[in-house]
1. So how many residues does the stretch A:110-143 have that are assigned to a helix (DSSP H, G or I) and within 17 Å of B:Y100 (Cβ to Cβ)?
2. From B:L94, B:L60, grab the single residue that is within 23 Å of the chain's Cα centre (by Cα), away from chain A (no Cβ under 14 Å), under 26 Å from A:A20 (Cβ atoms) and surrounded by 20 or more Cβ atoms within 10 Å (Cβ to Cβ).
3. Looking at (1) more than 10 Å from chain B (Cβ to nearest Cβ); (2) closer than 16 Å to A:V112 by Cβ; (3) of a type in the set (S, T, Y), can you tell me which one A:T52 breaks?
4. Please verify whether A:A73 is within 30 Å of B:P30 (Cα to Cα), within 14 Å of chain B (Cβ to nearest Cβ) and in contact with a strand residue (DSSP E or B) (Cβ under 9 Å, 6 or more places away or on another chain), treating the condition exactly as stated.
5. Output the residue which, of all residues in the stretch B:29-46 that are more than 10 Å from chain A (Cβ to nearest Cβ) and surrounded by 15 or more Cβ atoms within 10 Å (Cβ to Cβ), is nearest to the chain's Cα centre (by Cα).
6. Would you pick out the residues in the stretch B:155-206 that are among the charged types (D, E, K, R), more than 17 Å from the chain's Cα centre (by Cα) and modelled with pLDDT of 95 or more?
7. May I ask you to list the residues in the stretch A:7-45 that are within 12 Å of chain B (Cβ to nearest Cβ), part of a strand (DSSP E or B) and not hydrophobic (A, V, I, L, M, F, W, C)?
8. Restrict the check to the stretch B:163-176 and report whether at least one residue is more than 23 Å from B:R146 (Cβ to Cβ) and out of contact with any Pro (no Cβ under 6 Å at 6 or more places or on another chain).
Amino acid sequence: MAALHEITATVNGERRRGHAEARKTLADFLREDLALTGTHLGCEHGVCGACTVFVDGVAVRSCLMFAVQADGAEITTIEGIGPADGTLGPVQQAFRDCHGLQCGFCTPGFIVSVHAFLADNPQPSDAEIREALSGNLCRCTGYQGIIAAVKQAAVTLAGGEKVAAPAGATH
Amino acid sequence: MKPAPFEYHAPTSVADAVALLAEHTDEAKPLAGGQSLVPMLALRLTRFEHLIDLNRIGELRGVTREDGTLTVKAMTSQREVEHSPEVAAAVPLLARATPYIGHFQIRNRGTVGGNLAHADPASELPAVALALDAEFEVASASGSRRVPASEFFIGTWTTALESEELLTAIHFPALGGAAWGDRSGFAVEEIARRSGDFALAGAVCAVALDGSGNIARAGIGLFGMGATPERARAAEESLVARSPSADDLAEIGRLAVEGLAPTDDIHASAAYRRRVGAYLVQRVLGRALEEARG
């Protein structure tokens, strides 16, 4: 049995502590040790983006980091991204409104990535949205609903009114 | 857990890191951003007894400009380089090539030094370092040395770094200095099936003009075109003291890929890569010249 490392991190605003082998990824630590199973694992080698979380303010793939590296870090997962009362945040609401998900497996990674993207670029062009989404794979939607959701979320976050999803975004 | 077990070290200084490398040599691997190493460990393409995490070494981060040189410390994130006005002003080619690396989530954690030391032949920054004649600063327990980019890349994933050495910084000649004067231009282009994928082929170009508008110096780097990033020396030399027209550029492109043996795989044939490579050189050279001519 390899040595266990003590890991203390602020996760979704709470101080959490656990022990893990050095080779355990942050994604596995969140899911198995902290019971935060909203972070999903698709490919486990950095391609699909399903495991995206915030670490110290930037969106990263939690399967490409070891948990021991997150000792002392501030982490936000999908569980901590919406309002504390359990209602949907503007990005989550936009995904629901615009059919930005079907099976939902990829959705946590998309929601985190879109939060990060819109924080950096609150008024993105269509091309910028497509580029920003390129690091997350979705096998159901064909992406059109997701693109519509990002546009709606950008408007909501800017304090404007919601835009209706385009007709082509409903399949 | 997918990677094989390893012992984890998190030094907080370069001195401690190189001491660990001296102790464990080829049983140890420095862990930078981990965006290439961790997948390789997860897929068990490689394994090490010891990983030396560089992320807690503050002295390995940051960008400084001094006397016509921009120094990028090895653990500076690709995100920082991509968004730094100082990098965009001093080494435009580096700033413009960086957004082509992976996706923004990868660049948030990926580092400049990690990318270069990984030495993937389809990666952008090695070609940038080659084309600009960057220098690599390398430290070990017995001192430090500088390696020119032209001597750094040995083969696929193989560099001039010895197993007890650590890449600590990369020195790029800055715009407005001796190598790349005020009348210079830079461009990067690549072909990838999907945004963020490794390039099937790519090219970077830097040109500097003399007082009469002829090319004083040219740097052309190709990636995805062989086992290492390639420098198109013959094409560069053919450009010096000339002011090529648009018609000449196709010929330069063909010259740039002459003698290259890119891989033939399921993603693209060698013939396709050569053809696309020649065309990309034509395009980046055209754009760099346009910028230099102003």
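1. 6
2. From the options B:L94, B:L60, the qualifying one is B:L60.
3. (1)
4. Against the criterion (within 30 Å of B:P30 (Cα to Cα), within 14 Å of chain B (Cβ to nearest Cβ) and in contact with a strand residue (DSSP E or B) (Cβ under 9 Å, 6 or more places away or on another chain)), A:A73 qualifies.
5. Out of the qualifying residues, it is B:A32.
6. Those that are among the charged types (D, E, K, R), more than 17 Å from the chain's Cα centre (by Cα) and modelled with pLDDT of 95 or more: B:E162, B:E164, B:E165, B:R183.
7. If the condition is that a residue be within 12 Å of chain B (Cβ to nearest Cβ), part of a strand (DSSP E or B) and not hydrophobic (A, V, I, L, M, F, W, C), then A:E21, A:T25 are the ones that fit.
8. No, the stretch B:163-176 has no match at all.
The values are calculated or read from the model by the stated rules, or taken from the named source; none is laboratory data. The shown structure was predicted, so the numbers you read here are calculated from the model rather than taken from an experiment. Backbone-built Cβ (ideal geometry, glycine too); neighbour counts: all protein chains shown.
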